[in-house]
Amino acid sequence: MHCPNCNIEIKEHEPKCPECGQFITEENRLDQKTNFAYSSLGYFTLTAGQYAALSLFGKIIFFGTLSISMVMFPKVLELNSENKGSLTLLFKSILIALFLGLSASLLYFLIPKFIITMLFGEEFLVISNILWIFGIVMTIFSICYLISFYNMALRRTKFLYFIIFFNLLEIFLITLFHNSLAQVVTILIIIMV
């Protein structure tokens, strides 16, 4: 919780700021609970609309690489039915997905303000500092998705236990550490790697 007047961190249930004396209303508390505070790159908040915009940029990478999985799946099934190796196809698919995802992330890093302003407007520029990080997260997610499709095509299902375990671990960690969007994104990166 931060003071709406002087922006210093205060305890959750403080009636007023110990620094400036500003009274903390329930409205202030609700505002901060519905926003993400991001402090490692400078303090700002992400409203629901700004978070949705960030999410949309991630979806661009995910759905842009999804077609690779969709094309790879039947090819792996065909190669497997003919008792031919399909590992080379997996590596090629991963390289293509990496290229697409990292290229988009590089664009998100180099010209974030232009991209955000063009698609959403200047009020969304607050997400420009973390756009490329989220792009990398979604690239990793896309690679995990691609590897899952590969294993399903080979009728391997034991990997699903790992996915369930890591999903539960992700839920647990985000439940514990969700004070900022930076913490959530860091957890996503750690879990996916």
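The values are calculated or read from the model by the stated rules, or taken from the named source; none is laboratory data. Small disclaimer: the values here were computed from a predicted structure and weren't measured. Heads up, the Cβs are rebuilt from the backbone with ideal geometry, glycines too, and the neighbour counts pull from every protein chain shown. Remember, those area values only see protein heavy atoms, side chains included, never the ligands or the DNA or RNA. Shrake-Rupley method; radii C 1.70, N 1.55, O 1.52, S 1.80 Å.
Per residue, the accessible area of segment 88-129 comes to 63 Å² when a 1.4 Å probe rolls over the protein heavy atoms. Only protein atoms count toward the accessible area here, which uses a 1.4 Å probe; on segment 66-123, the carbon and sulfur part of that area reaches 72 percent. Each Cα pair of segment 78-165 feeds into the Kirkwood radius, which the Stokes-Einstein equation turns, at 4 °C and 1.567 mPa s, into a diffusion coefficient of 85 µm²/s. Taking a ≥ b ≥ c as the square roots of the eigenvalues of the Cα gyration tensor, segment 124-193 is oblate, since a/c reaches 1.5 or more and a/b is not larger than b/c.
The listed peptides 130-139, 143-152, 10-19, ordered by packing as a protection proxy, come out as 130-139, 143-152, 10-19 (highest mean of other Cβ atoms within 10 Å first).
Quick one: compute a quarter of the convex hull surface over the Cα atoms of segment 37-189 and quote it in nm².
Working: hull surface 38.5 nm².
Taking a quarter of the hull surface, the average projection is 9.6 nm².
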